[in-house]
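The values are calculated or read from the model by the stated rules, or taken from the named source; none is laboratory data. A quick note: this is a predicted structure, and the numbers were derived from the prediction, not measured. Cβ atoms come from the backbone with ideal geometry, glycine included; neighbour counts cover every protein chain shown.
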Amino acid sequence: MSSSSDTKAGAGAQVTDFLSGNEMSSLAASQINFHVMGYYPITPSTEVAEYLDEKWANGENTVKMVPGDGEHGAAGICYGATTAGGRVFNATSANGLLYSLEQLPVQSGTRYPMVLNLVCRSVSGPLDIRGDHSDLVATLDMGWIVLAAKDPQAVYDMTVIAVKVGEADDVRLPVIVADDGFFTSHQKRRVGYFEDGQTVRDFVGEFKVINSSVDPAHPITIGPYMNDPDQINNKKQLSMAMKAAESVIPKIFSEWEALSGRAYKPLETYRMDDAEYAIFIVNSAADTCMDVADKLRAQGKKVGVLYPTVIRPFPADELRAACKNVKALLVGDRADSYGAHGGRMAHEVKAALKDDTDNKTLVISRIYGLGGKDFFAEDAEEMFGLTFEAAAKGKVEIPYDYIGIAPGDPDWKPTPGVPVITKEKSSPGILTTFLDEKTGMVDVKGVKQRDLTAMPHRITPGHGACPGCGIFPSVGTFLKGIEGFVVMLWHTGCGMVVTTGYPNSSFAITYIHNLFQNGAATMSGVVEMYKERQRRGEIPADQDITFIMVTGDGGLDIGLGPSLGAAIRNHNMIIVEYDNQGYMNTGNQLSFSTPPGHATSTSNIGTVGRGKQGNHKDSVQLFAATHIPYIATGVESNYKDLIRKGAKAQYYAKHHGTVFIKLFSDCPLNWRHPDNTGQDVIQKAVDCNFFPLYEIERGITTLNYDPEAKGKKIPVTEWLNSMGKTKHMSKPEYAQIVTDFQKEVDRRFARIKAMSENPHL
């Protein structure tokens, strides 16, 4: 809710509001009206795409939002879009940035401008979703201009400024606008922005198309192979463009000040006119340092603060000018450069000051705030105290260290978890898996609910999942069919996050975590090392382990390639996908498994938006194309079928290779239905044929449950009406979407049924 507006001479009216950094980023992007946003959700940048899509759904912009299959794919979408001649936007964080990193020098080396909002976050592992600058420092040598936004107001301003800087004739470079995850991205502050987006569009001007990939009258080659000395000359030109940006940026800062009334300098200084002691720090922590500087000034201490708004090109001249009278300067880095004896900014500052032969400033490097650790006034006071001490002694006794670490206890030991599950306990011998000689297929006996309660829980109670979450009933029921020792690897997702909050774990077995994109490859390495060590006699030959990788929260989008690669290599492992139709661990963004018309936080419902566009992914048939020995679907509401498939999966993983299991997993929070109706909702999806229960064994498809034959067939509308996320689909304007969806569901089921009836299909 806006609180006021004002008009600066020669400018449009501005609104005073109370918004977060992510809201301001999406607002600026909407007003700029970028042509395309390639994106993939990752905390804490995810909201940027959500807010922008919400504005699109309500007709506030015409940005074409293209979801990637991961951050690497999103970066490729962005690069391709820039070559076709238009303005492009993206937002990411942490490992998402690193996953896309190889695309960054492609973007800058071919000189196609775009804007990337980097919402800074700690880089895994171990996994931490909070803010530091360990992702930001990875961008510094990629040839991108890097602007730093310490608060939500700067996020808005810098996003607009970034467009004009990157597109300047002598520059033509992509630009990163970096702000601090959660500290800036989610915390609301008093802000101002232009009421009419046309004011912003007039400021950035029309996009100038240069070297378009979609101009048949002028064909060009983009990204050619380069020999010596062409590559070094290309990089020299990139360096020249970055040098040109040093003069372009202050000019555009001045133009923005004239329009908005908000002034920026590449290096901001606070109380530095006569400062003898200072802190150099990036982004949100600067406000805390300035507050402490005021306190110390009141005590008669000549202190000041420096914080850059531009990191690339680095404001070296401005730094040297600001530090001419400074006796001691502490550089606070929210990321470490391990083994370099100082943070990245500390080394940049030292290098810049060394070029001034008259400068005698002592420089101290301190690492702070990693993993989102709060930066308090006491920390800033400690930093200033170190500058006083160094100046008094005339030297820096400890040039590099950390601030804010907790003292360790050498006697601490993790609290023991549940007792080890022995082979005897995990193999009660209730289930019998055998090869049917008549059919040549595997069969299972002994799936009795009462007897199976003797099976131990590999995932123990005490996790932090939402009430009614379907992950653990579905995966847990599947595990009832697995006997013996088990090693599990889980992709990042709800199932991983809620079970492994350090130092506790809900797993009673060996558990490994790796990020979405590479879990299958990681488990492949585990399996092959285990087998090789057995071959060499380092592990008993009769020891038997079942290896299971679990993925979900998006239906195996980002890790699909490596998972298919593992299947094609046919390792002895099981891949389990729990499909809850969205990226639930980041707040219910659309995934490729989201069905048409369904509402998510990046497929909003509005005056223009009509929910997810396009059909849902059929990962079962994708894996069927790899011709692995066993593939199956399952749901917790048909527990006997699911347990039987678990036992068959173990048999095939042990004897024949890779197995793929797809579970339909309920998410009451984001599907929006009561916690206690999950099994009913899941069963409706089965009974309307949206999620058919079948298996593909050695290439032969068998339909395990035919709702029509059971007299339980229902239309898809009955399933859709059981969830809040699809209630809108009962409105007349969604009639065609529902009709097309029903046809697609019927088509897919008819195909599976036909394959079941004909073993040659």
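So, in the range 636-663, exactly how many residues are among the aromatic types (Phe, Trp, Tyr) and either in contact with a Ser or Thr (Cβ under 7 Å, 6 or more places away or on another chain) or farther than 24 Å from Phe623 by Cα (or both)?
Initial filter on the range 636-663 (among the aromatic types (Phe, Trp, Tyr)): 639, 651-652, 660.
Cutting the leftovers down to either in contact with a Ser or Thr (Cβ under 7 Å, 6 or more places away or on another chain) or farther than 24 Å from Phe623 by Cα (or both) gives us 639, 651.
Final tally of qualifying residues: 2.
Considering every residue within the range 592-614, establish whether at least one is touching a residue at least 12 places away in the same chain (Cβ under 8 Å), more than 30 Å from Ser45 (Cα to Cα) and surrounded by fewer than 21 Cβ atoms within 10 Å (Cβ to Cβ). Even if it seems obvious, please write down each step before you answer.
Step one: list which residues in the range 592-614 are touching a residue at least 12 places away in the same chain (Cβ under 8 Å), which gives 592-614.
Filter once more, keeping what is more than 30 Å from Ser45 (Cα to Cα): none.
No, the conditions are met nowhere in the range 592-614.
Please note which strands (runs of 3 or more DSSP E) are completely contained in the range 75-180 and include at least 3 residues that are closer than 24 Å to Gly192 by Cα and in contact with a Leu (Cβ under 8 Å, 6 or more places away or on another chain).
Numbers: elements: 88-92, 115-120, 145-148, 175-180.
Answer list for the range 75-180: 88-92, 175-180.
Take the residues of the range 260-269 that are touching a residue at least 24 places away in the same chain (Cβ under 8 Å) and surrounded by fewer than 19 Cβ atoms within 10 Å (Cβ to Cβ): which is nearest to Ile145 (Cα to Cα)? Step through it out loud before you land on a result.
So the first thing to find is which residues in the range 260-269 are touching a residue at least 24 places away in the same chain (Cβ under 8 Å), and the list is 260-262, 264-269.
Subset that is surrounded by fewer than 19 Cβ atoms within 10 Å (Cβ to Cβ): 261-262, 265, 269.
Working: Gly261: 24, Arg262: 21, Lys265: 15, Thr269: 21 Å.
If we take residues in the range 260-269 being touching a residue at least 24 places away in the same chain (Cβ under 8 Å) and surrounded by fewer than 19 Cβ atoms within 10 Å (Cβ to Cβ), then Lys265 is nearest to Ile145 (Cα to Cα).
Within 22 Å of Ser247 (Cα to Cα), surrounded by fewer than 20 Cβ atoms within 10 Å (Cβ to Cβ) and touching a helix residue (DSSP H, G or I) at 6+ places or on another chain (Cβ under 6 Å): does that describe Ala352? Walk me through how you get there before you give the answer.
Working: within 22 Å of Ser247 (Cα to Cα): yes; surrounded by fewer than 20 Cβ atoms within 10 Å (Cβ to Cβ): yes; touching a helix residue (DSSP H, G or I) at 6+ places or on another chain (Cβ under 6 Å): yes.
Against the criterion (within 22 Å of Ser247 (Cα to Cα), surrounded by fewer than 20 Cβ atoms within 10 Å (Cβ to Cβ) and touching a helix residue (DSSP H, G or I) at 6+ places or on another chain (Cβ under 6 Å)), Ala352 qualifies.
Can you pull out every residue in the range 216-260 that is at pLDDT below 95 and of a type in the set (D, E, K, R)?
Hits for the range 216-260 are Asp228, Asp230.
Could you pull out the residue among Ala148, Ala154, Ala162 that is within 17 Å of Gly369 (Cβ to Cβ), assigned by TED's automatic domain parsing to the domain that holds Ile77 and buried (at least 23 other Cβ atoms within 10 Å of the Cβ)?
Checking each option against the conditions leaves just Ala148.
Please verify whether the range 297-312 includes one or more residues that are buried (at least 21 other Cβ atoms within 10 Å of the Cβ) and part of a helix (DSSP H, G or I).
Of the residues in the range 297-312, the ones buried (at least 21 other Cβ atoms within 10 Å of the Cβ) are 303-312.
Those still in the list that are part of a helix (DSSP H, G or I) too: none.
No.
So that you can scan it fast, the table gives a plain yes or no per residue for (1) more than 30 Å from Thr387 (Cα to Cα); (2) touching a residue at least 24 places away in the same chain (Cβ under 8 Å); (3) surrounded by 13 or more Cβ atoms within 10 Å (Cβ to Cβ); (4) outside the structural domain of Ala154 (by TED's automatic domain parsing):
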position: Asn227; (1), (2), (3), (4): yes, no, no, no
position: Asp230; (1), (2), (3), (4): yes, no, no, no
position: Ala244; (1), (2), (3), (4): yes, yes, yes, no
position: Tyr277; (1), (2), (3), (4): no, yes, yes, yes
position: Ser284; (1), (2), (3), (4): no, yes, yes, yes
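Tell me, which residue of the range 466-519 that is more than 20 Å from Ser637 (Cβ to Cβ) and in contact with a Leu (Cβ under 6 Å, 6 or more places away or on another chain) is surrounded by the fewest Cβ atoms within 10 Å (Cβ to Cβ)?
Among them, the one singled out is Ile512.
Of these, Val119, Val191, which one is β-branched (Val, Ile, Thr), crowded, with 22+ Cβ neighbours inside 10 Å and more than 17 Å from the chain's Cα centre (by Cα)? Let's see the steps before the verdict.
On the way: Val119 fails: more than 17 Å from the chain's Cα centre (by Cα).
Among Val119, Val191, only Val191 is β-branched (Val, Ile, Thr), crowded, with 22+ Cβ neighbours inside 10 Å and more than 17 Å from the chain's Cα centre (by Cα).
If you scan the range 88-116, which residues turn out to be of a type outside the set (Ser, Thr, Tyr), in contact with a His (Cβ under 8 Å, 6 or more places away or on another chain) and surrounded by 23 or more Cβ atoms within 10 Å (Cβ to Cβ)?
So the first thing to find is which residues in the range 88-116 are of a type outside the set (Ser, Thr, Tyr), and the list is 88-91, 94-98, 101-107, 109, 111, 113-116.
Checking the rest, the ones that are also in contact with a His (Cβ under 8 Å, 6 or more places away or on another chain) come to 88, 102-103.
Val88 - this is the single residue of the range 88-116 that is of a type outside the set (Ser, Thr, Tyr), in contact with a His (Cβ under 8 Å, 6 or more places away or on another chain) and surrounded by 23 or more Cβ atoms within 10 Å (Cβ to Cβ).
Considering Leu693, Leu669, which residue is surrounded by 15 or more Cβ atoms within 10 Å (Cβ to Cβ), within 20 Å of Tyr630 (Cα to Cα) and not polar (S, T, N, Q)? Walk me through it before giving the result.
Details: Leu669 fails: within 20 Å of Tyr630 (Cα to Cα).
Result of the check over Leu693, Leu669: Leu693.
Tally time: how many residues in the range 707-725 are in contact with a helix residue (DSSP H, G or I) (Cβ under 7 Å, 6 or more places away or on another chain) and in a loop (DSSP other than H, G, I, E, B)?
Total meeting the criteria: 8.
Read through the list (1) modelled with pLDDT under 95; (2) touching a Phe, Trp or Tyr at 6+ places or on another chain (Cβ under 7 Å), then give the number of the only condition that Thr510 fails.
Status for Thr510: all satisfied but (2).
Any idea which of (1) in a strand (DSSP E or B); (2) surrounded by fewer than 24 Cβ atoms within 10 Å (Cβ to Cβ) is the one Ile575 doesn't satisfy?
All conditions pass for Ile575, except number (2).
Looking at Ser239, Ser212, can you tell me which residue is out of contact with any His (no Cβ under 6 Å at 6 or more places or on another chain) and outside the structural domain of Ser108 (by TED's automatic domain parsing)?
On the way: Ser239 fails: outside the structural domain of Ser108 (by TED's automatic domain parsing).
None of the other options fit; the residue is Ser212.
How many residues are in contact with a helix residue (DSSP H, G or I) (Cβ under 7 Å, 6 or more places away or on another chain) and closer than 16 Å to Asp69 by Cβ if we restrict to the range 566-591?
Here is the first cut: in the range 566-591, the ones in contact with a helix residue (DSSP H, G or I) (Cβ under 7 Å, 6 or more places away or on another chain) are 566-567, 569, 571-578, 582, 584-589.
Now drop any that are not closer than 16 Å to Asp69 by Cβ, which leaves 577, 582, 586, 589.
Selection size over the range 566-591: 4.
Of all residues in the range 96-121, how many are in contact with a strand residue (DSSP E or B) (Cβ under 6 Å, 6 or more places away or on another chain) and either farther than 16 Å from Val146 by Cβ or outside the structural domain of Tyr40 (by TED's automatic domain parsing) (or both)?
Within the range 96-121, residues that are in contact with a strand residue (DSSP E or B) (Cβ under 6 Å, 6 or more places away or on another chain) and either farther than 16 Å from Val146 by Cβ or outside the structural domain of Tyr40 (by TED's automatic domain parsing) (or both) number 0.
Could you list, in sequence order, all residues of the range 9-31 that are touching a strand residue (DSSP E or B) at 6+ places or on another chain (Cβ under 8 Å), under 19 Å from Ser260 (Cα atoms) and in a helix (DSSP H, G or I)?
Matches in the range 9-31: Gly21, Met24, Ser25, Leu27, Ala28, Ala29, Gln31.
Can you name the number of the only condition in (1) of a type in the set (Val, Ile, Thr); (2) within 24 Å of Glu528 (Cβ to Cβ); (3) surrounded by fewer than 20 Cβ atoms within 10 Å (Cβ to Cβ) that Ile661 fails?
Of everything listed in (1) of a type in the set (Val, Ile, Thr); (2) within 24 Å of Glu528 (Cβ to Cβ); (3) surrounded by fewer than 20 Cβ atoms within 10 Å (Cβ to Cβ), Ile661 misses just condition (3).
Scanning for something part of a strand (DSSP E or B), within 15 Å of Ile403 (Cβ to Cβ) and in the same structural domain as Lys393 (by TED's automatic domain parsing), does the range 332-349 turn up at least one residue?
We begin by selecting, within the range 332-349, every residue part of a strand (DSSP E or B); these are 332-333.
Filter once more, so that each one left must be within 15 Å of Ile403 (Cβ to Cβ): 332-333.
If we keep only those that are in the same structural domain as Lys393 (by TED's automatic domain parsing) too, we end up with 332-333.
Yes - at least one qualifying residue is present in the range 332-349.
Of the residues in the range 540-572, how many are small (Gly, Ala, Ser), in contact (Cβ under 8 Å) with a residue 60 or more places away in the chain and assigned to a loop (DSSP other than H, G, I, E, B)?
Summing the residues that are small (Gly, Ala, Ser), in contact (Cβ under 8 Å) with a residue 60 or more places away in the chain and assigned to a loop (DSSP other than H, G, I, E, B) in the range 540-572 gives 3.
When you look at Lys725, is it in the same structural domain as Lys612 (by TED's automatic domain parsing) and farther than 19 Å from Asp746 by Cα, yes or no? Spell out the reasoning first.
On the way: in the same structural domain as Lys612 (by TED's automatic domain parsing): yes; farther than 19 Å from Asp746 by Cα: yes.
Answer is yes for this residue.
For the range 211-225: of the residues being touching a residue at least 60 places away in the same chain (Cβ under 8 Å) and surrounded by 10 or more Cβ atoms within 10 Å (Cβ to Cβ), which is farthest from Thr110 (Cα to Cα)? Outline the logic, then answer.
Going through the range 211-225, the residues touching a residue at least 60 places away in the same chain (Cβ under 8 Å) turn out to be 211-215, 222-223.
Still in the list and also surrounded by 10 or more Cβ atoms within 10 Å (Cβ to Cβ): 211-213, 215, 222-223.
Values: Asn211: 10, Ser212: 12, Ser213: 12, Asp215: 17, Ile222: 7, Gly223: 6 Å.
Once the filter is applied, the top-ranked residue is Asp215.
Output the residues belonging to the range 380-412 that are among the aliphatic types (A, V, I, L, M), surrounded by fewer than 16 Cβ atoms within 10 Å (Cβ to Cβ) and part of a helix (DSSP H, G or I). Talk me through it step by step, then tell me what you get.
Of all residues in the range 380-412, those among the aliphatic types (A, V, I, L, M) come to 380, 383, 386, 390-392, 396, 398, 403, 405-406.
Next, only the ones that are surrounded by fewer than 16 Cβ atoms within 10 Å (Cβ to Cβ) stay: 392, 398, 405-406.
Matches in the range 380-412: Ala392 only.
Among (1) assigned to a loop (DSSP other than H, G, I, E, B); (2) in the same structural domain as Ala653 (by TED's automatic domain parsing); (3) closer than 26 Å to His656 by Cα, there is one condition Met488 misses while meeting the rest; what is its number?
(1)
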